[in-house]
Amino acid sequence: MIIEPKIRGFICTTAHPEGCLENVKRQAEYAKSHPVKGARKALVIGASAGYGLATRICAAFSCKADTLGVIFDKPASGGRTASAGWYNTAALERLAAEEGLYAATINGDAFSKEVKEGAIARIRRDLGQVDLVIYSLAAPRRTLPDGTVRSSVLKTVGAPYTERTIDLKKRELAEVTIPPASEEEIAATVEVMGGEDWEDWIEALAAAGVLTKDAVTAAYSYIGPERTHPIYLDGSIGRAKEDLYQASRRIEEKHPGLRAFISVNKALVTQSSSAIPIVPLYISILYKVMKEMGLHEGCIEQMSRLFCDRLYADNLPLDNRGMIRLDDWEMRPEVQAKVDAAWKRLADGSLEELADIDGYWEDFYQMFGFHLPGVDYGKDVETEVEIPSIG
């Protein structure tokens, strides 16, 4: 089958297995070039794309750790390709096996009791205990134990917010007004994107005795500049991220000896960020600025810094709330000053000059295995790729 990208909204409905393999290979090579004495056995919840995938790659290829990943992805079926996350995971397991590393995967709803029990059983059987647990879920909805479905929303809190955004397909500026969330929507967003499930995972793992005494756990967040605060930091998703932060404090209180961190990461093109109004325009301008300043990083570079310079460094630098700040380069005053200056100059005629739209699209396509140098996209490929350890 010859596979071409098919874009619908902010997602690509096809994925390329050989492109995904090449993407994972490139990240694995970067991780190998940045070795660190860190995790030995790692559990990554939300491990198939973006920061979660890069985290698992760093654990495996920088630390030489055995890894168990939890994903929620679809295999190929009929004329449909598998999801990019499926192909990414298959690629990671293949590369790990070539290095003699253990890599196994559980595919299912990470919110569910069944998946938690399955992960615990696999850890007990194959690993004994894990010393690193990364929580990297970015789910749009959650099914509660009683069958109730909660959905997250990307809305403001208190008042609507109007700002410029970008129509990436047309490469044009547009204006968007984000409405305020209701109290019910805010509560649902916190249930989906907040810290409750992270706490549930740690509670279940600790109760089962599959965490080492010196285990580390981390979850990912974002803060961003003031321009995005109404839709992110001060919006419904921000309420969820604050709950995630509070969960880190509660986890440490309940489990002495276990270190729980929030890592505030850089704005990057991911399936999650692509869905947030205003943010793609900000990212496009940020890319332009940071590339020109020699400061640009992708997911693998960010996670490599997390492992090498933060989690497993002799002295772990934290901000005044005890959070890890991998957005430190993004939030440099000189970077943000350049972004602000570009934003003020925005007009349809100067958009291409001020924003790295091509770079945004390149990252977007590569998330799904397209536009990778060295891949022959004109040849027939087999879409049904097996993940040997899937459970």
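The values are calculated or read from the model by the stated rules, or taken from the named source; none is laboratory data. As the structure is a prediction and not an experimental result, all values here were calculated from the model. Every residue, glycine as well, gets a Cβ built from its backbone with ideal geometry; the counts of neighbours run over all protein chains shown. Ligands, DNA and RNA are excluded from the accessible area calculation, which covers all protein heavy atoms including side chains. Shrake-Rupley method; radii C 1.70, N 1.55, O 1.52, S 1.80 Å.
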*Close pairs (6 angstrom Cβ cut-off, 6 or more residues apart or separate chains): within 22 Å of D314 (Cβ to Cβ) in the range 15-43, open to solvent by 30 Å² or more (accessible area, probe 1.4 Å) and in a helix (DSSP H, G or I) anywhere*: H34/C308; V36/C308
*Does any residue in the range 334-354 that is in contact (Cβ under 8 Å) with a residue 24 or more places away in the chain and closer than 17 Å to A174 by Cα come within less than 8 Å, Cβ to Cβ, of a residue that is assigned to a helix (DSSP H, G or I) and open to solvent by 50 Å² or more (accessible area, probe 1.4 Å) six or more places away or on a different chain, and which pairs are these?*
A342/K288; W343/R227; L354/K288
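Can you confirm whether the range 222-231 contains a residue that is aromatic (F, W, Y) and at pLDDT below 95?
no
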*Hey, can you tell me all the residues within the range 147-174 that are over 30 Å from E362 (Cβ atoms) and more than 23 Å from the chain's Cα centre (by Cα)?*
G147, T148, V157, G158, A159, P160
*Among the residues of the range 36-80, which ones are open to solvent by 30 Å² or more (accessible area, probe 1.4 Å) and either touching a His at 6+ places or on another chain (Cβ under 8 Å) or among the charged types (D, E, K, R) (or both)?*
K37, R40, K41, K64, D66, K74, R80
_Yes/no for D380 being without any contact (Cβ under 8 Å) to a residue 60 or more places away in the chain, of a type outside the set (A, V, I, L, M, F, W, C) and surrounded by fewer than 17 Cβ atoms within 10 Å (Cβ to Cβ)_ = no
*Tell me which of these L137 doesn't satisfy, since it passes every other one: (1) open to solvent by 20 Å² or more (accessible area, probe 1.4 Å); (2) in a loop (DSSP other than H, G, I, E, B); (3) in contact with a Ser or Thr (Cβ under 9 Å, 6 or more places away or on another chain).*
(3)
*Would you please name the residue that is most open to solvent (accessible area, probe 1.4 Å), looking only at residues in the range 287-312 that are in contact with a Leu (Cβ under 9 Å, 6 or more places away or on another chain) and over 21 Å from L53 (Cβ atoms)?*
K288
_Condition first: farther than 23 Å from Y220 by Cβ, touching a helix residue (DSSP H, G or I) at 6+ places or on another chain (Cβ under 7 Å), at pLDDT 95 or above and not hydrophobic (A, V, I, L, M, F, W, C). Can you find one or more residues in the range 6-17 that meet it?_
yes
*Is at least one residue of the range 86-94 open to solvent by 10 Å² or more (accessible area, probe 1.4 Å) and either without any contact (Cβ under 8 Å) to a residue 40 or more places away in the chain or not in a helix (DSSP H, G or I) (or both)?*
no
*Considering only the range 175-205, state which residues are open to solvent by 40 Å² or more (accessible area, probe 1.4 Å) and out of contact with any Gly (no Cβ under 8 Å at 6 or more places or on another chain).*
E175, T177, P179, S182, E183, E184, E185, A187, E191, E196, D200, E203
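So, D214, is that one under 15 Å from S112 (Cα atoms) and open to solvent by 20 Å² or more (accessible area, probe 1.4 Å) or not?
In short, no.
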*From L53, L43, grab the single residue that is closer than 21 Å to A139 by Cβ and touching a helix residue (DSSP H, G or I) at 6+ places or on another chain (Cβ under 6 Å).*
L53
*Give Y282, Y245, Y287 a once-over and let me know the one that is out of contact with any helix residue (DSSP H, G or I) (no Cβ under 9 Å at 6 or more places or on another chain), in a helix (DSSP H, G or I) and in contact (Cβ under 8 Å) with a residue 40 or more places away in the chain.*
Y245
*Within the range 318-327, is there a residue that is under 29 Å from V153 (Cα atoms), touching a residue at least 24 places away in the same chain (Cβ under 8 Å) and among the basic types (K, R)?*
yes
*asked:* Report every pair of residues separated by at least 6 positions or lying on different chains whose Cβ atoms are under 6 Å apart, first residue within the range 294-308 and of a type in the set (V, I, T), second not in a loop (DSSP other than H, G, I, E, B).
replied: I300/Q27; I300/Y30; I300/A54
*asked:* I'm trying to understand the selection: among the residues of the range 175-189, which are over 18 Å from the mean Cα position of the chain (by Cα) and at pLDDT 95 or above?
replied: T177, I178, P179, P180, A181, S182, E183, E184, E185, I186, A187, A188
